[in-house]
Amino acid sequence: MCRRSRGYSFVRNVFVRPLLYVFYRNVDIIGAKAVPDEGPIIFTPNHQNALMDALAILCTKDRQPVFMARADIFQKPLIIKILHFLRILPVFRKRDGGSSSDNNQETFDIILKVLHRGQAVGIMPEGTHNEVKHLRVLQKGVFRLAMQAQEAYGNRPTVKIVPVGLEYSSTDKFRSDLIVNYGKAIEVSDFYDLYVENPARAFKLMQDTLSEKMKDGMIDIEEETHYRAIERIRVYYLSDAMRRLGLNDRKAIDRLHAQQKIIAAVQQLILTEPEAGAALCAQINDYDAGIEKQHFSDRTVERQPYSFFGLLLQTTIALPGIPLWMAGLAFNYIPYKVSAVFSRKVKDPQFVSSVQFVIGLVLYPLCHAIVIALLIIFVPCVWGKVLMPLTIVPLGIFVFEYFRHVKNLAARWRFWNGKRRKNPTIRQLIELRKSIFGKMNDVLK
C-alpha cells in the first residue's frame, strides 16, 4: 500500500471508472487539477453514500488513496484480500467491542507509512455516513494522524489535507448526478508551531478550518426544522435561480453556488422573519407532497401547458424506440434483476448504490462477455459480429433512459388530461408553484 500498483490501476481504469461513468449520468469534477499529483495528501470528503464516496475520489483523481472502512466487513479471507487489494484498511469502533485504540494501531501505523512514502490517504472525517445534506462535527482522529505524519518534517510544508465536497442528486438511484469538488489544500505545517505549544488548540483550529472549507464545497443545510422544504426548493428553484444570478447552468460549480445561495436565502428568511419563512416552507412541503401523490415531477408542472398534438407527436417519436428497448432489456436483464433484488434487501439506504455498483462490477462484464460470445458464434454477418457487441452497453443505458422518458411522457399526458377536465388538484399545484417561486424571487437577492 506504500507504492503504486499496476494491478490496481488496471482494475480501476478498465472496470471501476467506466462503470462509474455509466452508473451516474453526469460526473462533474471541480478543482482536481489543483490537487498535487505527488506528495503526502489526506483526502477528506463528506460522507453521504457509503462506498461510493471512496470510489468518487479514486476514479476522479489518479492518486491510489488508501481508505479506512469499519472493521465488521473484514470477516472472510476472500473479502479481506479484495479489500486490501482495493487499498481499504479496517478501523475498529467502540461499538465493535474490544479496545478500539489497540486494534487500530496497526492500521494507523500503515497509514503513517503511506504518508511518509508520499502517497495519498482518504479519511471520512465525519466518522459515519448519513444522507442528510449537512456537515456533521468532524472527528479529531484525522488531525492527529495528519500531525503525526507532519512531525517528521517539522514546520516545513509537506503533508496536506484536501477537503472534498461530494454532492449526489440521489444516493440510491441509478443514472443520478454526481459532483466531486476538490477544495484548496490545507498545509498541515501551518498549524505545526501551535501544535508543539498546545496540541488541543491546534486540533481545534484545524477542525474549524477544515469544516469551513468543506462546507464551501458541498451542500450544507443547517436548518433542521425545515430541512425537507429547503432540500426540495434548492432543486426545484435551481433553474430560475441560475437565470436570476446570471450563472452558467452548464458549469457544475455555478450550479453548486446557486444551490448554496438558495439555501442561504431561505435560512436567512427563517432567521429574520420566522412566520414568513415557516409559511414558505409549509407551501413547499404541500407542493412536494402534492406532486408526489399525483406521481408528477416538478419538471412536469414546470413545462406546462401541454397541447394534445404536441404530446401526440412526442409519443409518435418515442414508439420506434420499443424494439431497441426490448433488445437492451434482453442483453442486460439478468444483472439488472439480480442487482435490484439484492438492493431491496439492504436496510441502510446509503448502501443501496454501493451494493448495486459492486454487483454490477461483477455481473455486467460477465453477462456481457457471455452475450458477446453468443453473438460472435451465431450472428452470420461479419459486420454484425463486430458492431452488435459494441451496442450492448449503450443499449443498457438506453433501456433506463427510454423507460424514464416514457414515464415522464405518461405523466405529461395525465397532467394535460387533468387540466382539460379542470381537476382542482392540477390547478392547485400550478398556483402553489407560482406562489412559491414568486416568494423565492423576492428572497433571492
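The values are calculated or read from the model by the stated rules, or taken from the named source; none is laboratory data. Model, not experiment: these values are computed from the prediction. Reconstructed Cβ throughout: ideal geometry from the backbone, glycine too, with neighbour counts over all protein chains shown. Just so you know, the surface numbers come from the protein's heavy atoms only, side chains and all, with ligands and any DNA or RNA stripped out. Shrake-Rupley method; radii C 1.70, N 1.55, O 1.52, S 1.80 Å.
A few remarks follow.
- Mean separation of Cα contacts under 8 Å, 6 or more apart, over the residue count of the stretch 132-183: relative contact order %: 25
- GNM flexibility winner over the chain from Arg156, Arg303, Arg201 (Cα, springs under 10 Å): Arg303
- Among beta bridges that DSSP assigns inside the chain, antiparallel share in %, nearest 5: 25
- When the trypsin sites (Lys or Arg not before Pro) in the stretch 330-398 are filtered for DSSP coil states and for at most 16 other beta-carbon atoms within 10 Å of their beta-carbon, the remaining sites are Lys345, Lys347.
- Carbon/sulfur fraction of accessible area - the chain, other protein chains in place, 1.4 Å, %: 59
- In nm, spacing of pseudo-spin labels at Asp208 and Ala340 (7 Å Cα→C-beta vector): 5.2
- Among Val11, Val162, Val399: highest mean-square fluctuation, GNM of the chain, C-alpha pairs under 10 Å: Val11
- The stretch 195-235 and the stretch 348-392 have Cα centres lying 42 Å from one another.
- Solvent-accessible area per residue in the chain equals 53 Å², computed with a 1.4 angstrom probe and all protein chains kept.
- Relative to the 2.2 N^0.38 Å rule of thumb, the stretch 1-134 has a C-alpha radius of gyration ratio of 1.06.
- GNM top mover of Gly310, Gly246, Gly396 - the chain, alpha-carbon springs below 10 Å: Gly310
- Average projected area [Cα convex hull, the stretch 304-411], square nanometres: 9.0
- Linear extension gain, Asn408 paired with Glu302, 0.36 nm per residue minus alpha-carbon span: 36.9 nm
- Neighbour-limited loop hits for GluC sites (Glu not before Pro), the stretch 181-222 (at most 16 other Cβ within 10 Å; DSSP other than H, G, I, E, B): Glu222
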